[in-house]
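To start, the structure itself, in structure tokens.
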Amino acid sequence: MNDHAVPGISRVCPECGRRVPPKVSSCRCGHVLEELVETAGGAANELEAEVVPWAKRRARQGASSLMTTVVVAGAASLTMYFWMKQTPAPPGNAVTAVHPSARSRAKAAAAESTVPAAPSSTSLPAESPVPAVLADDVAAPPSVAVPGLSLEDVVSRAMPAVVRVEASGGFGSGFFVASDTIVTNAHVVGSNSSVTIRRIDGRTTPARVDTTAPELDIAIMRISTPDPLQATLTMGSGMNARAGQEIIALGTPLGLQNTVTRGIVSAVREVGGVTLVQTDAAINPGNSGGPLVDRGGLVIGIATMGIGSAAAQGLSFGVAIEHAQNLLAGRRFLGTGTPVSSLNQAMTGRQGATGSDAAREEGVKTYEQAMAAVARTADALDGSWRNFRNSCYLGRVAGGALEREWFALWDQRAMQGAVSPGCEAAFASLRGIAFDVRNGVLAAQEAARRTGVYPGTLRDVRRRHRLEYPD
């Protein structure tokens, strides 16, 4: 039985809802109670007047409390979800780098913020909506560095762009930087206005010598009918090369086309205003004008000289490719001397040419003059040899890749034919002149050697005058 319906037992405080004995005039909450009417009906009416409003208020308070609890719980859940989904923003106006996945989480949070508030009901939906996962939120696999090209790949890609350059004064190497443009050494083309290039597949094409820069030992050649499918090399940087960096030399050493040697960058040197890439990769006669390529396949230099002697091993040099880039752009280098002469001076460790330096430079000049004089005799002998060959000699000459076929006169084993009757005197005259040429070269070379001229310099001078002989 409900106590509220029994008069005389207790009554309920309308303020806090506690039961209060009927004779107590104030509740513990401080509310002053009205005097209780003694009649049974009056007590019942009083109790009803007090209890019913209190019960209604408690019901409303309970419903309100339940609604508040549901809303607070929902807000707390959303807050916790957002806190776990995103990183708190930095304080103040700090600028931070934002990862793409963070941006996607922000977009997801913004999308979720547009979801309507939870309904004020004591029941929850059977399934809470799950926000869509954006593509950027999926953890991406760690990036893997693309491995560099293998040595074989670099060579196979670069080789079709490398050619043999055949000039009247000898041969060398070159490489395509455009379908109609070839770079080589100035000393390879010499004074020729046109040369022949031989590709890797044996095809030959005439090329016009467009620009020469002896002070850089660089020449630019052009082809009038370029092959649109011609492989080309991309120019990198020799001035920024690093010591220890791997390097590859491609060319035609000693006439052996499609030859590859490998080494490292030993140093990058500035001599006479020209930047030279020093390497221990083998650079032999015929490599001149060929590319020095890094492991990425970029040209960083143009092979120009190698120094090989008992006192020096593994000393080779190439002109930094930036000089060729400037020349192609029409910017000339206003320097004196050549890379060879500048290097000769640099290798002495002095700035001025005094003492042995002066003697060496004088020896180079004397040797140049001697070779020029001998070359004039050799040129005249070319015509006499052709006449003799056509009318007085029957058989073959085992001259091989000699600069001039009559060099075979220095070796009786190379003359494998017979001299026609009546031509013996002409043959003896030719041999005498040929040996005079050879003796002149040997004498000039010995004199230059005594003055300290470097073997590489002597070789370059002989090649320019077509007087290089394997022996």
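The values are calculated or read from the model by the stated rules, or taken from the named source; none is laboratory data. Computed from a predicted structure; not experimentally measured. Cβ sites come from the backbone with ideal geometry, for glycine too, and all protein chains shown count toward neighbours.
Cβ-Cβ contacts under 6 Å between residues 6 or more apart (or on different chains), taken from a first residue in region 299-316 that is under 11 Å from Asp280 (Cα atoms) and not assigned by TED's automatic domain parsing to the domain that holds Thr457 to a second residue that is modelled with pLDDT of 70 or more and of a type in the set (D, E, K, R), are listed as Gly314/Asp280.
Say whether the condition of being in the same structural domain as Phe388 (by TED's automatic domain parsing) and part of a loop (DSSP other than H, G, I, E, B) is met by at least one residue in region 432-452. Yes, because at least one residue in region 432-452 is in the same structural domain as Phe388 (by TED's automatic domain parsing) and part of a loop (DSSP other than H, G, I, E, B). Inside region 233-247, residues that are part of a strand (DSSP E or B) and buried (at least 22 other Cβ atoms within 10 Å of the Cβ) make up a count of 1. Yes or no: region 404-411 includes at least one residue that is assigned to a helix (DSSP H, G or I) and surrounded by fewer than 17 Cβ atoms within 10 Å (Cβ to Cβ). Within region 404-411, one or more residues are assigned to a helix (DSSP H, G or I) and surrounded by fewer than 17 Cβ atoms within 10 Å (Cβ to Cβ). Pairs are defined by a Cβ separation below 6 Å, a sequence spacing of at least 6 or placement on different chains, a first member in region 165-176 that is in the same structural domain as Asp379 (by TED's automatic domain parsing) and modelled with pLDDT under 95, and a second member that is surrounded by fewer than 24 Cβ atoms within 10 Å (Cβ to Cβ) and part of a strand (DSSP E or B); no pair meets this definition. Would you call Ala434 crowded, with 16+ Cβ neighbours inside 10 Å, among the aliphatic types (A, V, I, L, M), under 20 Å from Ser168 (Cα atoms) and free of Cβ contacts under 8 Å to residues at least 12 places away in the same chain? When the stated conditions are applied, Ala434 does not pass them. Which of the following residues is more than 23 Å from Arg199 (Cβ to Cβ), surrounded by fewer than 24 Cβ atoms within 10 Å (Cβ to Cβ) and in the same structural domain as Ile220 (by TED's automatic domain parsing): Val268, Val277, Val260? Of Val268, Val277, Val260, the one residue that is more than 23 Å from Arg199 (Cβ to Cβ), surrounded by fewer than 24 Cβ atoms within 10 Å (Cβ to Cβ) and in the same structural domain as Ile220 (by TED's automatic domain parsing) is Val268.
In the set (1) free of Cβ contacts under 8 Å to residues at least 60 places away in the same chain; (2) buried (at least 16 other Cβ atoms within 10 Å of the Cβ), the condition left unmet by Gly417 is number (2).
Put simply, of Asn344, Asn326 the only residue that is at pLDDT 90 or above, more than 25 Å from Arg164 (Cβ to Cβ) and either out of contact with any strand residue (DSSP E or B) (no Cβ under 7 Å at 6 or more places or on another chain) or not polar (S, T, N, Q) (or both) is Asn326. When you look at Leu216, is it in a loop (DSSP other than H, G, I, E, B), in the same structural domain as Ser156 (by TED's automatic domain parsing), touching a strand residue (DSSP E or B) at 6+ places or on another chain (Cβ under 7 Å) and over 30 Å from Asp382 (Cβ atoms), yes or no? Against the criterion (in a loop (DSSP other than H, G, I, E, B), in the same structural domain as Ser156 (by TED's automatic domain parsing), touching a strand residue (DSSP E or B) at 6+ places or on another chain (Cβ under 7 Å) and over 30 Å from Asp382 (Cβ atoms)), Leu216 qualifies.
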